[in-house]
Each structure stands twice: as C-alpha cells, then as structure tokens.
Amino acid sequence: MQTRTDLINFLIKKHGYKRYLEIGVQNTAQNFDKIEVEYKVCVDPDPKAKASYLMTSDEFFENCKSFFMNEMKFDIIFIDGMHTAEQVKKDFENSIYLLSEGGSIILHDCNPLKEEYTIVPRPKPTGNWHGDVYKFVSRIPKTNIISGIPKNQFYTVNIDCGCGVYFGGIDGISRHRYKSGLLTWQMFDKNRNELLNLIEWDDFIKL
Ligand SMILES: C[S@@+](CC[C@H](N)C(=O)[O-])C[C@H]1O[C@@H](n2cnc3c(N)ncnc32)[C@H](O)[C@@H]1O
C-alpha cells in the first residue's frame with residue numbers, strides 16, 4: 001500500500017521538482033529523510049522533531065522572506081502540522097504564495113474513516129487522530145475554469161489517511177471563494193467521494 005512518501009517522491013520525479021518544504025515533522029525518519037529531492041527543509045515547533053526551522057508554521061511563513069532573501073519558492077509543500085481546519089487553511093493559503101509555478105501542495109489526513117478520529121481539540125495525546133482537516137479540504141474548489149474550460153486542480157489520493165494534492169497555482173485559488181456553510185460529519189461521510197474528489201492511486205498515477 002502506497003504512503004504519503006511514495007506520493008511525494010512520485011510527484012517530485014514526475015515533474016522534476018527540486019525544492020521541498022514539510023510543515024510538521026515529528027520525526028524526520030518517518031517521511032522527511034526519505035524524500036528524494038535536491039533541496040529540502042522542514043518546520044516543527046517541537047524540539048524532538050529536529051526540524052530545520054524550530055517554530056510554528058505561522059512563525060515560519062511570517063519570517064520566510066528574511067530566511068530566503070525574498071527569493072525562495074518551493075516546488076512541493078507537504079502540510080502535516082496542526083490538524084485543525086482553521087490552521088490547515090492558514091498553512092494552505094500561506095503555501096500558495098511560496099509555491100513555484102507548476103508546483104503542488106500535499107495535505108495529509110484528508111479522509112478520516114471514523115468521526116471519533118476527528119474531534120477537535122484532540123481528546124487524547126495518543127491513538128488515531130486526523131483532526132478536522134477534512135472540513136477545510138472539502139471546501140477547496142476541485143476545478144478551475146481556464147479559458148472557459150474546467151480543469152481539475154485538486155484530488156485526494158485514497159492512500160495513507162487521504163493525501164490531498166493541489167496543483168492549481170496561485171491563480172487557481174484566487175478566482176474562487178471557498179464555499180461557505182457548515183459541514184457535518186454525516187454530510188461529509190455520505191458525500192466524501194465528491195467533496196474530496198477521491199481517486200485511487202492507480203488512476204492518479206495515470207493522470
Ligand atoms: C502528524 S505529525 C507530522 C508527521 C510527518 N509529517 C510525517 O509524515 O511523518 C504532526 C507534527 O506537527 C507539529 N505541529 C503541531 N503544531 C504545529 C504548527 N503550528 N506548526 C508546525 N508544526 C506543528 C507537531 O509538533 C508534530 O510533530
């Protein structure tokens with residue numbers, strides 16, 4: 001069964017990406033060390049994670065102009081920090097502006113299978129927890145209209161708790177407003193295929 005690492009490495013190879021950013025690391029051996037790319041950095045406020053930048057994603061995005069002399073763009077950004085819809089929305093919007101043309105954003109934990117794994121704030125420090133990332137991801141526009149033609153710009157690959165892949169660029173998102181309205185677990189559970197634009201790995205790699 002494929003993992004987030006396989007997906008990220010697949011996209012790096014497919015598009016010839018060179019610069020990778022990971023938000024939320026925990027332990028670099030789990031994913032970060034296995035990413036095969038020319039240049040990579042990661043961010044995590046927990047010293048145990050041994051991240052390149054020991055700080056929250058908000059602090060990182062606020063300061064990254066000075067870190068990178070205002071020039072750095074990333075080709076692929078993996079968002080896997082604080083798993084609340086509110087924080088993921090911030091991380092996503094900040095990432096859009098650090099993304100190079102033709103770049104991709106990956107979001108982890110988009111497809112929770114049980115409501116009990118989605119309670120915010122996290123009820124217990126251990127055990128399965130995906131937070132309510134799904135609430136934000138459900139609102140990302142799945143297509144963008146370019147020259148009158150609808151083009152897909154977001155899929156959730158049905159692997160490893162659901163890995164969202166956005167490749168619409170800045171333009172793709174700025175033309176849309178997130179759909180408003182409250183999404184209940186029941187609504188999500190019934191309509192997850194459509195809300196996430198779920199796709200199986202074998203179909204995704206043929207796109
Ligand atoms: C699920 S783990 C990351 C796992 C890792 N990306 C992987 O693929 O194995 C989530 C991490 O996000 C970190 N985190 C929590 N709040 C954060 C924030 N505001 N900004 C960045 N990272 C955060 C936590 O310290 C934790 O190490």
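The values are calculated or read from the model by the stated rules, or taken from the named source; none is laboratory data. The shown structure was predicted, so the numbers you read here are calculated from the model rather than taken from an experiment. Here Cβ is always computed from backbone atoms with ideal geometry, including for glycine, and neighbour counts include all displayed protein chains. Remember, those area values only see protein heavy atoms, side chains included, never the ligands or the DNA or RNA. Shrake-Rupley method; radii C 1.70, N 1.55, O 1.52, S 1.80 Å.
Close amide H contacts of PHE78 (hydrogens built in the peptide plane, cut-off under 5 Å, sequence separation of 5 or more or a different chain): LEU21, GLU22, ILE23, ILE106.
Kindly give Rg over Rh for the chain, based on alpha-carbon atoms, with the Kirkwood expression for the hydrodynamic radius. Working shown, then result.
Details: Rg = 16.2 Å, Rh = 17.3 Å.
Answer for the chain: 0.94.
Would you compute, from DSSP H runs of 4+ residues alone, the mean residue ellipticity of the chain at 222 nm, taking -39500 (n - 2.57) per run and dividing by the full residue count, rounded to the nearest 500?
Numbers: 7 runs with 62 residues, N = 207.
So the helix-based figure for the chain works out to -8500 deg cm²/dmol.
Starting from the 7 Å offset along Cα-to-Cβ, what nm value, one decimal, do you get for the label separation of ARG122 and SER100? Each label point is offset 7 Å from its Cα along the Cβ direction, giving 3.2 nm.
Give me the accessible area per residue for segment 1-115, probe 1.4 Å, as a whole number in Å². Display every interim value, and only then the final one.
Details: 5800 Å² over 115 residues.
So segment 1-115 comes to 50 Å² accessible per residue, rounded to a whole number.
Report the paramagnetic label zone for LEU207: residues of segment 1-40 whose backbone N is under 17 Å from a point 7 Å from Cα along the Cα-to-Cβ axis. From segment 1-40, the list is 2-17.
Relative contact order (percent) for segment 54-111, with alpha-carbon contacts under 8 angstrom and 6 or more residues of separation? Numbers along the way, then the final one.
Numbers: 52 pairs, mean separation 23.4, N = 58.
Value for segment 54-111: 40 percent.
Take the Cα of LYS18, step 7 Å toward its Cβ, do the same at LEU54, and the gap between the two points is 3.1 nm.
Mind ordering 23-36, 130-143, 112-125, 184-197 by average Cβ neighbours within 10 Å, highest first?
On the way: 23-36: 17.7, 130-143: 21.9, 112-125: 13.3, 184-197: 15.3.
My ranking of the peptides, most packed first, is 130-143, 23-36, 184-197, 112-125.
Computed from the C-beta positions of ASP189 and ILE149, the FRET efficiency with R₀ = 30 Å rounds to 0.40.
If I stretch the segment between LYS114 and ASN63 completely, what's the gain in nm (0.36 nm per residue apart, minus their alpha carbon distance), one decimal?
Numbers: separation 51, 0.36 × 51 = 18.36 nm, distance 3.68 nm.
Answer, rounded to one decimal: 14.7 nm.
When both segment 85-131 and segment 23-64 are represented by their alpha-carbon centers, they are found 15 Å apart.
Dipole check for the chain: with +1 at the C-beta of Lys and Arg, -1 at the C-beta of Asp and Glu, and the Cα centre as origin, the magnitude is about 380 Debye. Ordered from longest to shortest, the equivalent ellipsoid semi-axes for segment 118-164 are 31, 12, 4 Å, each the square root of 5 times a Cα gyration tensor eigenvalue.
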